[in-house]
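Okay, structure first, notes after.
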Amino acid sequence: PHVIFPSMLVTVAACLTTRWVFGCDGLFQTLLAIQAKKNSMTPNEQLLSRTGVRSLLDKHIRTTTNEITYGDAQQLLTHHPHWIVLREPTLLLHPGDLALHLSENPTTPDTLLNLLTIPARRLDMIELDDRTNLYQALLTMNQAQVDAAYVIITSKPGLGIITRARLDNYYKLQD
C-alpha cells in the first residue's frame, strides 16, 4: 500500500516533465506514431467518420453504354441527370459536356456517338460499399487517386454517386 502512491506520483511527474519541459509526446503516442497508427482524429475527420456515405449520394444519374445513338443521347438528357455513368470502363461524364457536343454537332438521330471520344470532362470511379462512412470513402478515393465513387445500394436495388467536390463541400459547410 505504501508503494503504490509514490510510484504513481513518479510516473505522473515523469509524464508531465516529458510533455511540458521537453515538448515530447508520451511513450504510447510515440509508439503509435512509429507503427503509423493514429490515435486522434481532426474534427473534420471525426465528422466524416460519423456520417455514412448514403447521406451524400447523388441518385440523379443515368447509366449508359459508351456508344449510343444521337437520339438516345438526346433522350438521356431529357431526364436532366446530374451525372452520366459510362460502363466499361466505369467513368463519370458531365451531362453539360454531352449537351454542348450535341448542340455543336447536329446530325441524324441514328448516327452512332462514342461517348469516350467526345470532348468532355470525365471522372474515374471506384466502387464503395454502402455501409462505408465518408472518412473511409475519402481515404479510399485518395488512395485510388480518383475523384468519384459509385455506391451500389444492397438493401434496395439502386446506384448512387459521390464525388470529391461533394465531400469537400460537406465538411466545409459543417465547420
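The values are calculated or read from the model by the stated rules, or taken from the named source; none is laboratory data. A quick note: this is a predicted structure, and the numbers were derived from the prediction, not measured. In this analysis, Cβ positions are derived from the backbone assuming ideal geometry, glycine residues included, and neighbour counts consider all displayed protein chains. Please note that ligands, DNA and RNA were not included when accessible areas were found on the heavy atoms of the full protein model with its side chains. Shrake-Rupley method; radii C 1.70, N 1.55, O 1.52, S 1.80 Å.
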Next item on the list: Could you list, in sequence order, all residues of the stretch 100-125 that are within 27 Å of the chain's Cα centre (by Cα) and either part of a loop (DSSP other than H, G, I, E, B) or buried (at least 16 other Cβ atoms within 10 Å of the Cβ) (or both)?
Entry: L115, L116, T117, I118, P119, A120, R121, R122, L123, M125
Notebook entry, point to check: Within the stretch 126-144, is there a residue that is open to solvent by 60 Å² or more (accessible area, probe 1.4 Å), at negative phi, of a type in the set (A, V, I, L, M, F, W, C) and not in a helix (DSSP H, G or I)?
Noted result: no
Item checked: Residue in the stretch 57-69 that is within 30 Å of the chain's Cα centre (by Cα), of a type outside the set (G, A, S), at pLDDT 85 or above and over 30 Å from E104 (Cβ atoms) present -> yes
Check: Does the stretch 42-55 include one or more residues that are at pLDDT below 90, in contact with a strand residue (DSSP E or B) (Cβ under 6 Å, 6 or more places away or on another chain), charged (D, E, K, R) and within 30 Å of P95 (Cβ to Cβ)?
Finding: no
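Any residue at all in the stretch 77-94 that is assigned to a strand (DSSP E or B) and either open to solvent by 50 Å² or more (accessible area, probe 1.4 Å) or within 19 Å of L47 (Cα to Cα) (or both)?
Among the residues of the stretch 77-94, not one is assigned to a strand (DSSP E or B) and either open to solvent by 50 Å² or more (accessible area, probe 1.4 Å) or within 19 Å of L47 (Cα to Cα) (or both), which makes the answer no.
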Check: In the stretch 22-71, how many residues are part of a strand (DSSP E or B) and open to solvent by 70 Å² or more (accessible area, probe 1.4 Å)?
Finding: 2
Next item on the list: Output the residue which, of all residues in the stretch 145-175 that are closer than 20 Å to L93 by Cα and part of a loop (DSSP other than H, G, I, E, B), is farthest from the chain's Cα centre (by Cα).
Entry: Q145
